[in-house]
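Everything on this sheet refers to the single structure shown next.
The values are calculated or read from the model by the stated rules, or taken from the named source; none is laboratory data. Being a predicted model, the structure only gives us computed values, none of them experimental. Methodologically, a virtual Cβ is constructed for each residue, glycine included, from the backbone with ideal geometry; neighbour enumeration extends over all protein chains shown.
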Amino acid sequence: MRILGLDTATPDTAVALMLPGGTLLEARHGAAPSGRPQHAQRLLELSARLLEEAGLRFADLDIVAAGRGPGSYTGLRIALATARGIARGADARLVGVSTLRALAEPLGERPAAAIIDARRGEAFIAVYRGEQTIVAPRVCAPEELAATALRGGPDALAVGDGALRFAELLESAGVDVAAAQSDLHRLSAGAICRLAASGASTAAEPEYLRAPDAERTAN
């Protein structure tokens with residue numbers, strides 16, 4: 001089975017290609033700290049690069065899996081629209097994968113508090129232990145974050161750019177945060193592919209969790 005995984009819920013543009021037998025090829029474009037994400041410019045480029053490396057075409061894909069968030073409102077729309085277009089052109093199955101679950105996936109059975117910076121002083125968080133969802137994806141204010149993460153138990157590890165942003169707050173409350181330089185803080189599109197292959201996927205619909213800025217302003 002050939003699976004293309006895409007995620008642009010965070011500032012990074014993450015792409016992976018899973019080949020029959022489980023071999024993974026991955027590519028990523030990281031946004032500069034002071035720059036804007038380049039999801040629209042990089043997503044198709046990175047996808048085409050991986051397919052070329054594997055000697056495949058878009059038409060050879062069986063599944064296209066997109067991170068459905070939560071995360072950047074614009075980023076989610078770009079990933080899902082791109083995935084939909086690729087899947088339609090390849091006559092491939094289109095699925096969505098929770099970005100927070102994908103962030104936690106590399107930890108295996110260790111409890112994981114997956115945290116994405118939601119801006120506006122908030123965070124998106126979910127807590128998992130392997131395939132078990134302990135805390136479903138939600139928006140948290142800083143004062144709720146540590147207590148929510150600790151619902152994973154004393155062995156829970158906090159990962160994601162939100163865990164880095166609120167590391168001092170989390171650690172002061174007894175939450176273990178992965179080392180700042182750890183790759184666990186950066187979502188792997190390979191995890192998107194693995195979850196899609198295992199059947200841990202849903203419809204390719206965005207999980208925003210809150211209204212976009214423009215809608216909040218209008219109300």
Right, residue 78: over 21 Å from residue 200 (Cα atoms) and at pLDDT 95 or above or not?
yes
Count, please, the residues in region 31-42 that happen to be free of Cβ contacts under 8 Å to residues at least 40 places away in the same chain and either assigned by TED's automatic domain parsing to the domain that holds residue 119 or under 14 Å from the mean Cα position of the chain (by Cα) (or both).
0
What residue, among those in region 2-26 that are closer than 20 Å to residue 94 by Cα and of a type in the set (Gly, Ala, Ser), is nearest to the chain's Cα centre (by Cα)?
9
Checked region 1-58 for anything surrounded by fewer than 16 Cβ atoms within 10 Å (Cβ to Cβ) and of a type in the set (Asp, Glu); matches are 45, 52, 53
Could you please tell me which pairs satisfy a Cβ distance under 8 Å, a separation of 6+ or placement on different chains, a first residue in region 168-189 that is assigned to a helix (DSSP H, G or I), and a second residue that is among the β-branched types (Val, Ile, Thr)?
170/177; 171/177; 184/159; 185/159; 189/15
Take residue 101 and tell me if it is surrounded by fewer than 20 Cβ atoms within 10 Å (Cβ to Cβ) and of a type in the set (Lys, Arg).
no
What number of residues within region 17-55 are in contact with a Gly (Cβ under 9 Å, 6 or more places away or on another chain) and acidic (Asp, Glu)?
1
Residues 139, 177: which one is surrounded by fewer than 22 Cβ atoms within 10 Å (Cβ to Cβ), touching a strand residue (DSSP E or B) at 6+ places or on another chain (Cβ under 7 Å) and not charged (D, E, K, R)?
139
